[in-house]
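Here it is, the structure, as structure tokens.
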Amino acid sequence: MINPQEFRTIATRIKTELQKVIVGQDDVIQHVLIGVITGGHVLLEGVPGLGKTMLVRTLSDVLSLDFSRIQFTPDLMPADIIGTDILDEDDQGRRGFRFQQGPIFANLVLADEINRATPKTQSAMLEAMQEKRVTVANKTYSLEQPFFVLATQNPLEMEGTYPLPEAQLDRFLFKVNVNFPDAASLVEILARTTGTEQPQASTATDGKSIIEMGQLVRDVPVASHVSRYIADLVVATHPELESASEQVKQYVRVGASPRAAQALMLGAKATALLAGRYNVAFEDVQAVAPAALRHRLLLNFEAQANGISADDVIATLLSSLEQ
Amino acid sequence: MSVTFQAIQAEYQRLQRRVRLHATLIWAIRGLVLGLTVACGLAIVARLTPLLAQTTVRNLALAIIGAGLSMGLAYGWLRRISPQLLRRQLDRRLGLAERLTTAFELETALPSDLVASQRADTLDALAAVDVQQKLPLRIGRLHPTVLVMTSILLAALLYAPSIQFETVAQNQQVSAEIDEQITELTEIADQIQDIPDLTEEEIAELTEPLEAAIEQLQAQELSPEQAAAVIDQAAQQLQRESGVDSIQQETQALENVGAQLSETPTLEQAADALQSGDLETAASELANADLDTLDAAELDQLADALDAASLNSATGELAESLSAAAEAARSGDAQAAEAALADAADSVAETAESAQQAEAVAEAAAEAQQSAQSAAQAGQPSQQGAGQQAQSNNGQSGNGAGNATDGGQSGSSGQSNAQGQNGGGVGTGSGSGSSDGSDQSGSEAGDQSINQGTAGANGERAYEQIFAPQRIGGGEGIEVEVESDVETTQGNDILAETRSLPDSDETSLVPYNEVFGDYSQAAGQAIENGDVPVGLRGVVRDYFTLLEP
């Protein structure tokens, strides 16, 4: 079993290796790392060219995990993801169906531009993401651990896209916004990517260590009032409750689910360990709250009309909620 | 419980003490401010209503402030907040990132690497805390500001002059003076009871007015004037009950008897004793008179003297005894004359005894009169040093009312009613009585000068003297020789109703009914002009009412 010190060592090594390739996206790296450690899936949202795919690919190299990439398109079918039974003939000439695994059977799956697939295809991911298994022709196949889905989507292109349904979104531990890097980071990116030598990340750990790190995260103690704070934060997103703030009542259509609280708790625990602490603090919860809640808050039309984003609502809640 | 957790607990208790100390400091100041605020309220009430004296308010204010401080200290030190809440506060204030609360919640957790790491991390974080910086024993600006402001306000309320404070002080002084008068009246009643040979009925009759006065003084809240009137009334009644006037007449008559008997050598010693007022000696001499050795001529001379004396005798018994003695002497019966003189001696002895009793009662009445005078002067501003109480008459200068004489008589009434009361300036009173060198002072008119207080706190003002009657209804004062406008003839025959003074053939007394009106009118004018203090106006009026012919 890994101990806290080893946890920090491995985590630091992973981040260091990732930062060799990915420049200026420390917050994204942090959240992705938390997702990987806690076994959660991460939805990366950003315009093309910000290194989302590069990040996931590098991560697979660093973690020495099986990696598969699925480019989601409107004509992508569920069987293209999870696999299908095909007719096969053995050496004796006997024919039978054999399950052909799809790209979902990997430790690290990159669902690129996931919102380009039809809802039917998107839903094919549900069981795999939640139960970490797939069912084909009444047969259930377990996915190898660790299993992570890192999906990306483009926020600008609405034509020919299918927004993820709420149930699908809720499966993601975090939704991380990948922002445009600042000038200094951009200069560094140019220096690293336009030379003759491309930066290469080396392997930092393996899947077994990742699983143990995840188990250690779950053992991190949380004070009762911090747990209560997480619960209060999630409850505060529900406009139907009398205790909800005026802003929530005005702009939020659907509040966060209990999975949001779980995401907050696990994310805060991992954050605490990554910060070198052995207990969860309020600041850990606040650090992961936007990523854990933004895709779980469904805003109404009035919010969109007034330019109110989920992040605005979350920021207001964090500043007003009593610790 | 691991050793590490004990170390955390020790650190926690150190922080707890620091927090409690800081809370005590804060609450002490809050208690102080509360005490000051309540004291300000008390001072404001005291300045609006005449309830408490200034000294009392100050003492109460000090007590309230002390109580507030004590309450603040006690509350700050003994105040207990929930340990969970305190740990959460410490986590927040010291930047411990919930380490402390988590460590205490892990107190009973099973040992593990993570728990051990958490405790070690917590202990390191606690040890790294700069307590003096994170938990300074400082207070914000608000508390000292409020403290200073309330202190200044209270000082102003306590030490600034207030008419209510002065009123209360005056009332207290009046009350104390009345209590003193009650004590004095009680002592006077006791003196009356100690007078020898008085019967129970006489004692009851004499002490009744005093007891009634005491009851009135005790039962009611009287003003100085009212108290003085009550006591004065009792004194007058006591004076009347004493019968001192009739005794004086009898004594005077016995003096005249003595004058008549002085011409007989046999009774010369008795005569001298009668003239000097030594009635007991006179009675003894009369009772022991030896007439057996007298011849007929001497007995006739004695009989003439006794007849003349019997005519001047005030009492019937004495006159009869003297007349019987004269008749016996004229008839040559010396023994019968001696027996009659013995009867006369008994009458004189009775008069002597009555005179002693009357004198004692009169003395008690005089003391009561003095009490009335003291009561009338109680609570006067002059006795408080209350300069603000002086009547402001715009520096009106007093008028000396000296009546200079040009007839060689002393300028007796140099009583300068120097009522130089003033508001802003200094009133100057000037008595202008002139004297021709007589050794009689100019204040003999039964006046008592009262020092009208000391200067007030804000200005050294010269206070006028007030001349108040001293012997209203009391014993006789020093006789005053004043100019007489009585016309005399060349042969010194007195035409008006005058009497010669016993020891001075050259002086005369002014007819009373002729001068009374002038003096009474002058006194009334002085009262109307405000020259007489309010507390003494009733006394002056009573004085002239008593003297009214």
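Would you mind giving the mean number of other chain beta-carbons within 10 Å of the Cβ of each residue in A:268-276, as a whole number?
Mean partner-chain Cβ count within 10 Å for A:268-276: 1.
So how tilted is helix A:4-21 from the main axis of chain A? Cα-based, degrees 0 to 90, rounded to 10.
Compared with the principal axis, the helix lies near 70 degrees.
Please give the per residue volume of the convex hull enclosing the alpha carbon atoms of the range A:29-106, rounded to a whole number of Å³.
139
While we're on this one: Where Rh denotes the Kirkwood radius from the mean inverse Cα pair distance, what is Rg over Rh for the range A:220-323?
Ratio value, two decimals: 0.99.
Taking amide hydrogens as modeled 1.01 Å from N in the peptide plane, which residues meet the under 5 Å criterion relative to A:Arg69, leaving out close sequence neighbours?
Close amide H contacts, sequence-distant or interchain: A:Leu110.
Just to be sure I understand the model, the point goes 7 Å from the Cα along the line to the Cβ. What's the resulting A:Ala315 to B:Lys134 distance in nm?
Once both label points are built, they end up 3.0 nm from each other.
Here's another thing I want to ask about it. Determine Rg/Rh for the range B:1-45; Rg is computed over alpha-carbon atoms and Rh is the Kirkwood hydrodynamic estimate from the same atoms.
1.46
Return the distance in nm (one decimal) between the two label points of a simple spin-label model at B:Ile203 and B:Asp295, each offset 7 Å from Cα along Cα→Cβ.
About 5.8 nm separates the two model spin labels.
How far apart, in nm, are two points set 7 Å out from the Cα along the Cα-to-Cβ line at B:Asn513 and at B:Arg93?
9.8
What's the magnitude of the charge dipole for the range B:171-379 around its Cα centre, counting Lys and Arg as +1 and Asp and Glu as -1 at the beta-carbon? Answer in Debye, nearest 20.
About 540 debye.
Efficiency by 1/(1 + (r/R0)^6): what FRET value for A:Leu87 and A:Ser224, r their Cβ-Cβ distance, R0 = 56 Å, to the nearest 0.05?
The calculated FRET efficiency here is 0.45.
Continuing with this model, one more query. How are the Cα pair distances of the range A:195-241 distributed, in percent, across 10 Å bins from 0?
19, 22, 22, 21, 13, 4
Work through the residues other than A:Ala310 whose Cβ is under 12 Å from its Cβ and net out their charges, Lys, Arg +1 and Asp, Glu -1.
In short, +1.
List the relative contact order of chain A as a percent without decimals, with contacts defined as Cα pairs under 8 Å and 6+ residues apart.
Relative contact order comes out at 22 percent.
Too long at a 27 Å Cα-Cα cut-off: which of A:Lys52/A:Lys139; A:Lys132/A:Lys208; A:Lys52/A:Lys249; A:Lys15/B:Lys134?
Correct reply: A:Lys52/A:Lys139; A:Lys52/A:Lys249; A:Lys15/B:Lys134.
Could you tell me the extents of the range B:1-104's C-alpha atoms along the three principal axes, largest first, rounded to whole Å?
Cα extents, longest axis first: 69, 21, 16 Å.
Let me have the 222 nm mean residue ellipticity of chain A computed from DSSP H runs of 4+ only, each contributing -39500 (n - 2.57), with the sum over all residues rounded to the nearest 500.
Result for chain A: -14500 deg cm²/dmol, rounded to the nearest 500.
Ranked by Cβ crowding within 10 angstrom, fewest neighbours first, how are B:Arg17, A:Arg171, A:Arg277 ordered?
B:Arg17, A:Arg171, A:Arg277
Further question on the same structure: Quick check on chain A: of the DSSP beta bridges with both residues there, what percent are antiparallel, nearest 5%?
Counting only bridges with both partners in chain A, antiparallel ones make up about 40 percent.
OK, next. Go through the range B:543-549 residue by residue and turn each phi into a ³J(HN,Hα) via Karplus (6.51, -1.76, 1.60, θ = phi - 60°); whole Hz please, and just put x for glycine and proline.
With coefficients 6.51, -1.76 and 1.60, one gets 4, 6, 5, 5, 7, 4, x Hz.
What does the net charge come to around B:Gly524 if you take all other residues with beta carbon closer than 15 Å to its beta carbon, with K and R at +1 and D and E at -1?
-3
Measure nothing but the geometry: give the 0 to 90° angle between the long axis through the Cα atoms of A:310-320 and the longest principal axis through the Cα atoms of chain A, rounded to 10°.
For A:310-320 against chain A, the angle is about 40 degrees.
At q = 0.10, 0.19, 0.21 Å⁻¹, what log₁₀ I(q)/I(0) does the range A:130-284 have when each alpha carbon counts as one equal point scatterer in the Debye sum?
For the range A:130-284, the Cα-only Debye profile gives -0.61, -1.34, -1.35.
Taking K and R as +1 and D and E as -1, what net charge do the other residues with C-beta under 13 Å from the C-beta of B:Tyr159 add up to?
+2
For a footprinting-style exposure proxy, rank A:Tyr278, A:Tyr229 by other Cβ within 10 Å, fewest first.
A:Tyr229, A:Tyr278
Please arrange B:Glu548, A:Glu45 by counting, for each residue, the other beta carbons lying within 10 Å of its beta carbon, fewest first.
Fewest-to-most Cβ neighbours within 10 Å comes out as B:Glu548, A:Glu45.
Looking only at other chains, what is the average number of their beta-carbon atoms within 10 angstrom of each beta-carbon in A:2-14?
The per-residue average across the peptide is 1.
To continue, here is another question. Beyond 26 Å, what percent of the Cα pairs of chain A remain?
Roughly 51 percent, once rounded to a whole number.
Since every read-out is calculated from the coordinates, none of them should be taken as a lab result. Here the structure is a predicted model, which is why all the values come from computation and not from measurement. Glycine gets a Cβ as well: all are built from the backbone with ideal geometry, and neighbour counts include every protein chain shown.
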